[in-house]
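Report on the structure given below.
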Amino acid sequence: MPSTTPAPTAALEALALPAIDHVDLVTVRLPLVTPFGTSVHVWTVKEAMLLRIESAGVTAWSECVADPDPYYSYETNTTARHVIADFLLPLVEPGLALGELEARFRRVRGHGMAKATVENALLILIAQRQGVPLHALLGRPARRIPSGLSIGLRDTQDDLLRAVERAVARGYHRVKMKVRKGQDVEWVRAVRERFPDLPLMVDANGDYTLADLDHLRQLDAFDLMMVEQPLSYSDIVEHATLQAAMRTPICLDESIHGVADAAAAISIGACRIVNVKQGRVGGLLESIRIAHHAASHGVGVWSGGMDETGIGRAVNIHLQTVEGFSLPGDTSETSNYFDEDIVEPAVVLDADGFIAVPEGPGLGARVVPERLLTRTVRAERLR
Ligand code: OSB
Ligand code: MG
């Protein structure tokens, strides 16, 4: 069916890239306030690689959402550094349209987190040069963003219940709990019995197979908003089989690397909800395409998180002003992760549990030089 509506990203694709004077990679290490455990790994520190672009006296920052390890994605900070330095940056030229740059980037297979780091930095730089907030460059008015907390695996059910209780008291709009094989149905039951009306969901990070289908169906008893990535990180097809057998909506995270994956998954009924992580899908433009496609097919969309510093967190907040983002995401307060972030202001919930979109040109979150310096473990000038 031919469509005459313009692509939701047409205006962004037409933006011309400014000349760039310098590009640096700065890696920071921030201890996490609470270790973050998934079915795959437990992280105790956040090691983030930041990209800094300087252009005619304006400095823009972006964050690569990869980890030092490949326990969420095959991408690591080291592969992202390699792909950015040796393949992506050489494609960036002044005057080139952003859409042209994306087309050039497509020759590089995968490596969405590396691509997102570069594309986001350029968009943030353009917004700063225009003196507008990133959301305005995306063409969207500011709005308050709903909040959601992702609670890692806990050692005891009491620990978990205390964490959920704190989230409820704080005013979060929904709570996600991590599950894994053997730490699932009874743990969900405990939370649900204590909080009967809480918007609640689970995330398995791919810990199950179709052999667990009958076991997973027990989750249907708890009125969950969704179960996120129950099957393999690379599967789409088997999720369709599972979704046909479950009442609870399935949400895909790891399996979705772009709008083509999302369209394929939606077309076979593999999910009713998509977690859009702008890093995993290669940046803000592809995120907007996914949100647009999913929403126009009646599929829910929300913004995931990667325990980002204030830079990546701000990107996720601006992205959620885009229409199509219909559900609370994994966007929670800075204090949930770090005693002190490298940016100001910190993300906090307002009295209704919402998050304000930061004001000011670009991200509206400023890197604090002294904090950056204390946290830096590596720095390298690429250009
Ligand atoms: O699966 O959504 C996930 C964090 C790291 C890796 C994978 C995931 C997560 C989260 C945390 O759930 C989201 C956040 O609070 O930023
Ligand atoms: Mg997930």
Long-range neighbours under 8 Å by Cβ, at least six apart or interchain, first residue over 14 Å from TRP187 (Cα atoms) within the range 208-230, second among the aromatic types (Phe, Trp, Tyr): PRO230/TYR208
Consider the range 159-186. How many of its residues are of a type outside the set (A, V, I, L, M) and under 19 Å from GLN218 (Cα atoms)? 8
Within the range 297-307, can one find any residue that is more than 20 Å from MET226 (Cβ to Cβ) and more than 10 Å from the chain's Cα centre (by Cα)? no
Can you say whether ALA116 is of a type in the set (Gly, Ala, Ser) and crowded, with 19+ Cβ neighbours inside 10 Å, as far as the supplied structure shows? yes
Picking from ASP261, ASP339, ASP307, the residue that is surrounded by fewer than 24 Cβ atoms within 10 Å (Cβ to Cβ) and either among the hydroxyl-bearing types (Ser, Thr, Tyr) or within 14 Å of ligand 1 (Cβ to nearest atom) (or both) would be ASP307
Has the range 98-108 got at least one residue that is buried (at least 20 other Cβ atoms within 10 Å of the Cβ) and of a type in the set (Asp, Glu)? no
Please work out which one of (1) away from ligand 1 (no atom under 16 Å from the Cβ); (2) out of contact with any Phe, Trp or Tyr (no Cβ under 8 Å at 6 or more places or on another chain) is the condition MET49 fails and give its number. (1)
The one condition GLY131 fails out of (1) surrounded by 15 or more Cβ atoms within 10 Å (Cβ to Cβ); (2) under 30 Å from ARG52 (Cα atoms); (3) more than 16 Å from ligand 1 (Cβ to nearest atom) is (1)
Output the number of the condition that LEU198 fails; it satisfies all remaining conditions of (1) aliphatic (A, V, I, L, M); (2) within 20 Å of ILE266 (Cα to Cα); (3) surrounded by 16 or more Cβ atoms within 10 Å (Cβ to Cβ). (2)
Scan of the range 264-287 for residues that are of a type outside the set (Lys, Arg), outside any helix (DSSP H, G or I) and within 16 Å of ligand 1 (Cβ to nearest atom), ordered by number: CYS271, ILE273, VAL274, ASN275, VAL276, GLN278, GLY279, VAL281
Wholly within the range 152-254, which helices (runs of 4 or more DSSP H) include no fewer than the required count, namely at least 1 residues that are more than 24 Å from VAL301 (Cα to Cα)? 157-170, 185-194, 213-217
Which one of these is under 30 Å from LEU252 (Cα atoms) and either among the β-branched types (Val, Ile, Thr) or in a helix (DSSP H, G or I) (or both): SER326, SER335? SER335
Among the residues of the range 273-287, are any in contact with a Phe, Trp or Tyr (Cβ under 8 Å, 6 or more places away or on another chain), hydrophobic (A, V, I, L, M, F, W, C) and more than 13 Å from ligand 2 (Cβ to nearest atom)? no
Looking at (1) under 26 Å from VAL322 (Cα atoms); (2) surrounded by 14 or more Cβ atoms within 10 Å (Cβ to Cβ); (3) in contact with a strand residue (DSSP E or B) (Cβ under 9 Å, 6 or more places away or on another chain), which is the one condition that is false for ALA7? (3)
Here are the criteria: (1) outside any loop (DSSP other than H, G, I, E, B); (2) under 24 Å from MET225 (Cα atoms); (3) touching a Gly at 6+ places or on another chain (Cβ under 7 Å). Tell me which single one ILE317 does not satisfy. (3)
Any chance you could count how many residues in the range 343-364 are at negative phi, away from ligand 1 (no atom under 16 Å from the Cβ) and surrounded by 15 or more Cβ atoms within 10 Å (Cβ to Cβ)? 7
The residue from VAL164, VAL179, VAL168, VAL185 that alone is under 20 Å from CYS251 (Cα atoms) and more than 16 Å from ligand 2 (Cβ to nearest atom) is VAL185
Which listed residue, of GLU102, GLU63, GLU54, GLU75, is touching a residue at least 24 places away in the same chain (Cβ under 8 Å) and farther than 27 Å from TYR233 by Cα: GLU54
Condition check: out of contact with any Gly (no Cβ under 7 Å at 6 or more places or on another chain) and surrounded by 22 or more Cβ atoms within 10 Å (Cβ to Cβ). Does LEU161 satisfy that? no
For the range 288-304: of the residues being among the hydrophobic types (A, V, I, L, M, F, W, C) and within 16 Å of ligand 1 (Cβ to nearest atom), which is nearest to THR44 (Cα to Cα)? TRP302
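Laboratory data are not the source of any read-out in this text; all were calculated from the coordinates shown. Predicted, not measured: the structure shown is a model, and the values here were computed from it. Virtual Cβ from ideal backbone geometry, glycine too; neighbours counted across all protein chains shown.
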